[in-house]
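A single structure is presented below for examination.
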Amino acid sequence: ICPQVAAGGDRAALRACGVHNVCRLLSRRAHGFYARDAGVAHRKNLGLLRKIMCQESTKFKNVWTTHSASPIAYERGRIYMDNYQCCISSIAQQPRILYQKSKCAKSEKIEDALLLECPLGEMLPSPSDYKASLIVLTVQNWLLRLSADSGEVLEKVYLAGSCCKFFRYLSWDTPQEVMIVKSAQNKLPAAARQAGIQQTVLFYLAVFQVLPLSFIGMLEINKKIFGNSVTDVAVSNGILIVMYSMGLVRLYNFKAILEQFMEQPFDLGQEFNWNGQVGVVGKYPFGLPCNIKITDTPPLLFEASSLENAFQIGGYPWHYIITPNKKKHKGVFHICSLKDNALAKNGIQDMKCCSLEPDWIYFHPDMSGRIIHVGPNLIKVLKLKEVKNHADQMEIAEDFTIVANRENCVNKSVTVTASGRVVKKRFTLLDDDPEQETFKIVDYEDELDLLSTVAVTQIGADGRAHLDFHCNEHGILLKSIPLKESWDVTYSHEVYFDKDLVLHIEQKPNRRFSCYVYQMVCDTAKDDD
């Protein structure tokens, strides 16, 4: 806050700061206009970086390329290879190896991983907790916390006791606070099914608080409680999401479930006697006790039916997006109020595109409440606003659009040859035909407040892609970066834009992976880069 205002708080102090309105003062403070606010220097530096990046003289240079027979992953400036046994820093001018472990046995294979970063303003029990670490899940059901810089094992927890032997997935309930470890779906062998043996437990969920790592509880998802047609479960932001084979999605209060059905709390390293078993929590061979027993169907918060269980919540006031649960409606999205299920005005979004790959839609990750709808040649950024003279009703309005560059593409159904012969085409091109520029990836860089898009054009066997930066507020094109490597639209691709770094990971057939690293260079001299 302004020093004069902090000291006196009167109108004269506000005028001395150049602010004549309290609301404006609070708004300016929220945006970090005052030098004593935390994070002001960081925001200014990111603003400068954005300006430098978008200058015409700034280029992105391909500084490093590598190939691998195993998957390549990227997390916050670190490239992981060889099943997380090799870690490479991409922050240096030339990527360098942070650590390289010897090849692990198949029994030590890592199934999933999450990057864990230190929370701000909290006292932690160990000095190592203040540095970034990697939480990994092995095929033998060990949960390990590794140093992100050295690969050293900082903590290890054995998960699977007698109840479950197939933990496979890591996810966040609350990012960087509460973590969920999910098992693969339990399936009986064919011989057991033929013998009439019934399997009622479908999934196990282990819940952890992180930094310091602590065990909250383990629960099972049972057919007897949630029904026979459950296909998958997930936990996000305190909500248990249960998905069914007929497209039904049901939401439950996960925190209330933990509190209501917790039989006994346990701490990691605690000796216990549980259901006739004596052991130590998180130690081999006992693992974790299943101490949360759901004995009755929890209160239902919300349910909806959607094609392929596609369901999203966001916006302000709260809305959700579904596709009507019929195959003929694929590519049609309904935006409805979470309060009363009312369809918003202009709430049916349908690009009517004819393409091999469907368009997709999601709530903007910048927390603005906007919606991004991506088609082969068009990106719509939509916003929710009140209907005029109807404050209780919302409508979907277009904020801005981004259109693919197809100026040179002519798709005529009738052409005339040089000799004057009329030729009629028996087919029309698809909207995502490889020979036309097509959007493949849309992402958001939150620190620079830029919307990034990857557009691809493929002529013959040679495909060319470029990464574009757009103003997140108005959609104006600020920078375009051509990618040097050929882009095959039949391969799987991931592109990461992280401040001054662009990283492209490509998966080719027969499990061949490539990684291309681009870094920002500021050079006014003319060169071939």
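This table checks each residue for (1) under 21 Å from the mean Cα position of the chain (by Cα); (2) touching a residue at least 40 places away in the same chain (Cβ under 8 Å).
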{"site": "Ala69", "(1), (2)": "no, yes"}
{"site": "Ile72", "(1), (2)": "yes, yes"}
{"site": "Arg78", "(1), (2)": "yes, yes"}
{"site": "Cys87", "(1), (2)": "no, yes"}
{"site": "Ala92", "(1), (2)": "no, no"}
{"site": "Leu98", "(1), (2)": "no, yes"}
{"site": "Ser102", "(1), (2)": "no, no"}
{"site": "Lys106", "(1), (2)": "no, no"}
{"site": "Ala113", "(1), (2)": "yes, yes"}
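Restricting to the range 112-141, what's the tally of residues that are open to solvent by 30 Å² or more (accessible area, probe 1.4 Å) and modelled with pLDDT under 95?
Residues flagged as open to solvent by 30 Å² or more (accessible area, probe 1.4 Å) and modelled with pLDDT under 95 within the range 112-141 amount to 15.
Then there is this: Condition first: charged (D, E, K, R) and under 19 Å from Phe311 (Cα atoms). Now tell me which residues in the range 381-409 satisfy that.
Lys383
Can you name every one of the strands (runs of 3 or more DSSP E) wholly within the range 285-359 that holds 3 or more residues which are under 30 Å from Ala160 (Cβ atoms) and modelled with pLDDT of 95 or more?
Ranges flagged: none.
Sticking with this structure for a sec: Would you mind finding the one in Ile197, Ile180, Ile216, Ile225 that is among the aliphatic types (A, V, I, L, M), in a strand (DSSP E or B), farther than 20 Å from Glu308 by Cβ and open to solvent by 20 Å² or more (accessible area, probe 1.4 Å)?
Ile216
Provide a single number: the residues in the range 72-82 that are open to solvent by 20 Å² or more (accessible area, probe 1.4 Å) and more than 23 Å from Val210 (Cα to Cα).
1
Conditions (1) at pLDDT 95 or above; (2) among the acidic types (Asp, Glu); (3) surrounded by fewer than 16 Cβ atoms within 10 Å (Cβ to Cβ), marked per residue:
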| residue | (1), (2), (3) |
| --- | --- |
| His470 | yes, no, no |
| Thr490 | no, no, yes |
| Tyr496 | yes, no, no |
| Asp500 | no, yes, no |
| Glu506 | yes, yes, no |
| Phe513 | yes, no, no |
| Met520 | no, no, no |
| Asp529 | no, yes, yes |
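Of the residues that sit in the range 86-101 and are out of contact with any Asp or Glu (no Cβ under 9 Å at 6 or more places or on another chain) and assigned to a strand (DSSP E or B), which one is most open to solvent (accessible area, probe 1.4 Å)?
Arg96
Suppose we keep only residues that are over 16 Å from Tyr84 (Cα atoms) and in a loop (DSSP other than H, G, I, E, B) within the range 142-161. Which one would you say is modelled with the highest pLDDT?
Leu159
The values are calculated or read from the model by the stated rules, or taken from the named source; none is laboratory data. Model, not experiment: these values are computed from the prediction. Positions of Cβ are generated from backbone atoms using ideal geometry, with glycine treated the same way; all protein chains shown enter the neighbour counts. Remember, those area values only see protein heavy atoms, side chains included, never the ligands or the DNA or RNA. Shrake-Rupley method; radii C 1.70, N 1.55, O 1.52, S 1.80 Å.
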